[in-house]
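Read through the structure below, which is laid out as structure tokens, and then see the notes.
The values are calculated or read from the model by the stated rules, or taken from the named source; none is laboratory data. Just so it is clear, the model here is predicted, and its values are computed rather than measured. Using ideal geometry, Cβ is built from the backbone for each residue, glycine included, and neighbour counts are taken over all protein chains shown.
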Amino acid sequence: MAETLRVALAGLGTVGGGVVKLLDANRDLIARRAGRAIEVVAVSARDRAKNRGVDLSRFRWVDDTWALAAADDVDAVVELIGGADGPALTLARATIGGGRHLVTANKAMLAHHGLTLAVAAEASGVALKFEAAVAGGVPVIKGLREGAAANVLTRVYGILNGTCNFILSEMEASVSAGTGRDFAEVLAEAQARGFAEADPSFDIDGVDAAHKLSILASIAFGTQPAFAAVEAHGIRQILAADIAEAAALGHRIRLIGLAEEGAGGLFQRVHPHLVPLDHPLAHVAGSLNAVVAEGNYVGRLLFQGAGAGAGPTASAVVADLIDIARGEWGPPYAMPAAALTAAAAVDSGARRGRAYLRFTVADRVGVLAEIAAAMRDAGVSIASLIQRGTSADGTVLVAIVTHEGPERSVAAALERLRGSASLAGTPLWMPLLA
């Protein structure tokens, strides 16, 4: 058997501890599959005294994390520090520059600096592996980069954030049970149960999903990672009433990250959608992730599983280490970095589809006529309009589903209604997934 692959681990949180436990639990199997042993030789984290539930005394502790990148007894560094910049990026650059392989679960760093890191890795002849950065333990990166490599991919989309999916699923269950819990209440529960951070903004505002989408789009379409071009919208505005209306229409609400290549360039957006019940994404519940890719020869591929947590994410990290141990790695983004194109960003206004619109309005004569006139003047065709009963504050909910048309027309209609005294709160717009 070949010499041991010697690994340094930077970051000993939930995932870092999971990596150590997995390597211990499946040591013999991993060595057989990798063709050689994989051993952690050095670790680094902020708090040396913290009890992490795993024996770290057998590893060399390094206080200066960046020293891992230059250690003579290290072949590969696993970066689990997190953050787009700062220590994680410094370590990544030093590791690659020092001729060592890098494995990371850091989607934010890859979304912002993935191209330059890929260029450096190719120049140094080392691996840059990041299966754990998207969808946790779901092997979607490998599936797109290798399994679907012969296909022209036309669209990649999915549920990329477990926190948002948990919240929407819980709201959905409460509507079915007749309690109709709204977003803020369910978010508080998600935080109490550890499914959401104390500051959940990155998750619930769509930023985390946008990081992941930019990585998937680059691999799927051979484009340079372009996080700045991703439109990100979250789920803060969604009410239990929207969940109920979606169900009445034969849909469920899911936060979808979608990237699609067309003649005008690349479209990338994270936005809540109404997903029809006959679509597999409508049945992805709880904190699970799922990604759909559509290829010209393979058809529709579905990748689904746990998108976070110690076990699933550690599984993806160790799978990358096994590839490195085997000597199996290629360009990080499926083709050489020099071949990645700088795709133009497609104007979302040109996209065509059906839309769901929800207004909370004053319960008085003429309000529906005002909304209908704004739709008419903007060229939006209404397929259905539903008004629900008056609430305690004297407002009613109006839900509209449009016929297919350009998104810019819907935006124009909403702009015409901006500032209207009839509206109580900001209207909600969601596309219907086709």
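Descriptive notes on the structure:
- Filtering region 223-233 to residues that are under 19 Å from N165 (Cβ atoms) and either surrounded by 23 or more Cβ atoms within 10 Å (Cβ to Cβ) or outside the structural domain of S169 (by TED's automatic domain parsing) (or both) leaves only V230.
- Flag if I235 is in contact with a Cys (Cβ under 7 Å, 6 or more places away or on another chain), more than 21 Å from Q304 (Cα to Cα) and not aromatic (F, W, Y): yes
- Residues within region 373-392 that are surrounded by fewer than 15 Cβ atoms within 10 Å (Cβ to Cβ) and in a helix (DSSP H, G or I), tallied: 3
- V410 in contact with a helix residue (DSSP H, G or I) (Cβ under 8 Å, 6 or more places away or on another chain), part of a strand (DSSP E or B) and not small (G, A, S): no
- Residue match in region 206-222 (condition: surrounded by fewer than 23 Cβ atoms within 10 Å (Cβ to Cβ), among the small types (G, A, S) and in contact with a helix residue (DSSP H, G or I) (Cβ under 8 Å, 6 or more places away or on another chain)): yes
- Unique match (being assigned to a helix (DSSP H, G or I), crowded, with 17+ Cβ neighbours inside 10 Å and modelled with pLDDT of 95 or more) among A123, A132: A132
- Scan of region 147-202 for residues that are among the hydrophobic types (A, V, I, L, M, F, W, C), part of a loop (DSSP other than H, G, I, E, B) and either surrounded by 15 or more Cβ atoms within 10 Å (Cβ to Cβ) or not assigned by TED's automatic domain parsing to the domain that holds E245 (or both), ordered by number: A148, L160, F195, A196
- Number of the exception - F183 against (1) in contact with a Leu (Cβ under 6 Å, 6 or more places away or on another chain); (2) farther than 30 Å from W329 by Cα: (1)
Condition check ((1) touching a Leu at 6+ places or on another chain (Cβ under 9 Å); (2) exposed (fewer than 15 other Cβ atoms within 10 Å of the Cβ); (3) at pLDDT below 95) across all residues:
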position: V20; (1), (2), (3): yes, no, no
position: L23; (1), (2), (3): yes, no, no
position: R27; (1), (2), (3): no, yes, no
position: A31; (1), (2), (3): no, no, no
position: R36; (1), (2), (3): yes, no, no
position: A42; (1), (2), (3): yes, no, no
position: A49; (1), (2), (3): no, yes, yes
position: R52; (1), (2), (3): yes, no, yes
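- Selection within region 309-356 - closer than 30 Å to V40 by Cβ and in contact with a strand residue (DSSP E or B) (Cβ under 8 Å, 6 or more places away or on another chain): P312, V317, V318, D320, L321, I322, D323, I324, A325, W329, P332
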